[in-house]
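Here the structure comes first, spelled out in structure tokens, and everything after it is commentary.
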Amino acid sequence: MLHGQCPNPGTEDRKRMVQLKRGIILGLVVTTSGCVDSPDVGVAQSALTAGDVAGELPARNPHGISSSVSTQGPFDFNNPFFDTTLGTNGRSCATCHDPRTGWTISADLAKELFNDSDGLAPLFNPFDGGTRPDADLSSKGERKKAFDPITDRGLIRFGQGPNAPSSDFDIIAVADPYGFGTPSSFTRFRRPNPTSNEHFTQSLTWIAGPQPPNAILAPILFGIAVSFHGQGTVPPSAAATAAAVAFQLSIVNAQAWDNQAGRLDEDGAKGGPVYLAQQPYFPGINSGASFDPHVFDLYDAWKDSPDPNRRQIARGQDVFNFKTFGPNNARRCSGCHNTPNVGASSTFVMLNVGTDVPSHEQAAILPILTVRNKVTGEIKDVTEVGRALSTGKWADIGKYRVPHLRGLASRAPFFHDGQARDIEDVVNHYEAFFGIEFTGTEKQDLEAFLYTL
């Protein structure tokens with residue numbers, strides 16, 4: 001890792017972003033912990049910093065290099081998105097939405113920030129970043145225990161009060177490994193959503209909203225972020241809010257270089273952030289006889305490539321688009337992740353894919369909630385009630401929005417609670433949950449494709 005050129009996590013975020021940009025101007029690739037060195041790093045570095053197709057902010061990850069561009073033009077690091085003075089705790093939006101890790105916070109980056117700052121960087125605030133708000137922070141060892149959720153899984157803590165009386169279920173017990181939660185005041189842990197590629201999503205929240213670019217919801221969320229995560233006491237101005245929202249909705253991030261296949265926009269391929277920035281948003285057709293499963297066409301040109309790694313990526317794209325499973329073989333990965341070349345859901349939908357079912361490992365890390373249906377009396381344990389916190393509906397327990405898939409290689413671990421350490425874990429989960437009959441080759445091809453997004 002090029003520690004001398006990477007941002008210093010112990011300083012405020014705006015200075016950190018200036019350092020990040022300075023590193024890119026010097027032609028240096030910003031690295032993150034866990035990166036795999038490659039003999040092609042020099043070639044990739046040169047290719048991705050040559051201003052013609054690279055965009056800005058190239059960042060190493062274990063599978064290659066991601067890059068970001070803005071539809072507004074050059075990145076403005078004076079934007080309120082990077083302003084650490086809007087709140088009271090030294091954070092900015094970039095604290096948890098870091099461009100080095102797909103505009104979210106990865107577990108590896110959180111661990112690196114902790115080690116470099118002894119757990120004193122603005123990210124590490126017990127208010128929402130620790131096991132409990134009154135955690136012992138008296139020593140580095142105690143801070144390490146307090147911030148284990150974010151350094152192990154990239155999780156942020158949210159407090160939650162009791163259900164509304166109109167809910168059709170009760171939370172009757174909470175088993176909190178940190179001894180804090182109760183049915184009337186419990187804790188949720190979640191991965192921060194990436195703030196990249198959001199102009200391709202139908203809604204930024206768990207509530208159906210306007211079509212992209214989310215002009216109504218995004219300002220509300222910025223104000224909440226400043227007051228809650230930044231512990232701000234004064235609402236941001238209308239001008240600051242408008243500038244931050246416009247910036248956030250301009251961010252485009254994607255994998256640009258693969259350690260095995262090289263540049264992802266060569267020989268007719270359309271990977272990388274520059275092509276993605278040119279991708280028009282339109283809803284994929286996902287119902288009835290008119291369903292078009294050809295959601296991704298990024299690597300169609302590589303199907304007959306002389307490079308076996310590129311052929312594998314093209315095969316994996318076909319697995320994603322066309323592999324059928326489930327009742328009557330009617331399901332495909334492209335059925336839910338149907339926004340063309342983005343992989344979000346084109347329409348507002350929230351799904352339960354079994355990630356709320358407690359495992360032994362999760363019980364050691366996450367509070368387990370015991371919920372009871374008021375009508376039927378059914379009782380079950382879950383790690384999260386998901387959208388049901390907003391709707392109060394039993395049927396919505398465990399439902400989450402469909403995330404976009406671009407930039408996956410930068411932002412492990414995966415799912416809302418970080419239970420999947422890598423894409424292999426994600427594929428294995430879906431294989432078991434949906435009963436998909438993958439061949440070994442299909443799984444390897446699919447994983448190779450997903451890491452190039």
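The values are calculated or read from the model by the stated rules, or taken from the named source; none is laboratory data. Fair warning: this is a prediction, and the values are worked out from it, not measured in the lab. As a convention, Cβ positions derive from the backbone with ideal geometry for all residues, glycine included, and neighbour counts pool all protein chains shown.
Structural remarks
- Among the helices (runs of 4 or more DSSP H) confined to the range 232-348, the ones with at least 2 residues that are in contact with a helix residue (DSSP H, G or I) (Cβ under 8 Å, 6 or more places away or on another chain) and of a type in the set (F, W, Y) are located at 308-322.
- Of the residues making up the range 126-145, those that are in contact with a helix residue (DSSP H, G or I) (Cβ under 9 Å, 6 or more places away or on another chain) and either closer than 17 Å to T187 by Cβ or assigned by TED's automatic domain parsing to the domain that holds Q160 (or both) number 9.
- Here L120, L113 are screened, and the one residue that is crowded, with 21+ Cβ neighbours inside 10 Å and either within 22 Å of the chain's Cα centre (by Cα) or not in a helix (DSSP H, G or I) (or both) is L113.
- Take the conditions (1) modelled with pLDDT under 90; (2) among the β-branched types (V, I, T); (3) assigned to a strand (DSSP E or B); V371 misses just one of them, which is (1).
- Condition met for G418 (under 25 Å from P177 (Cβ atoms), buried (at least 21 other Cβ atoms within 10 Å of the Cβ) and at pLDDT below 90): no
- Within the range 363-392, the only residue that satisfies the criterion of being among the small types (G, A, S) and free of Cβ contacts under 8 Å to residues at least 12 places away in the same chain is G377.
- Scanning the range 424-437 for residues that are under 16 Å from I313 (Cα atoms) and either of a type in the set (A, V, I, L, M, F, W, C) or without any contact (Cβ under 8 Å) to a residue 12 or more places away in the chain (or both) returns a single hit, V427.
- Criterion: at pLDDT 95 or above and of a type in the set (D, E) - qualifying residue of E361, E431, E384: E431
- Residue match in the range 164-187 (condition: assigned to a loop (DSSP other than H, G, I, E, B), modelled with pLDDT under 85 and either touching a Ser or Thr at 6+ places or on another chain (Cβ under 8 Å) or hydrophobic (A, V, I, L, M, F, W, C) (or both)): yes
- Any chance R153 is closer than 29 Å to A395 by Cα and basic (K, R): yes
- Any hit, the range 429-443, residues being aromatic (F, W, Y), loosely packed, with under 15 Cβ neighbours inside 10 Å and more than 16 Å from F320 (Cβ to Cβ): yes
- Restricting L453, L389 to those that are within 23 Å of G154 (Cβ to Cβ) and modelled with pLDDT of 95 or more reduces the list to L453.
- When each of F325, F296, F348, F320 is tested for being over 22 Å from the mean Cα position of the chain (by Cα) and of a type outside the set (A, V, I, L, M), the lone residue that passes is F325.
- All of V375, V353, V382, V371 fail the test of being closer than 30 Å to A277 by Cβ and of a type in the set (A, V, I, L, M, F, W, C), apart from V353.
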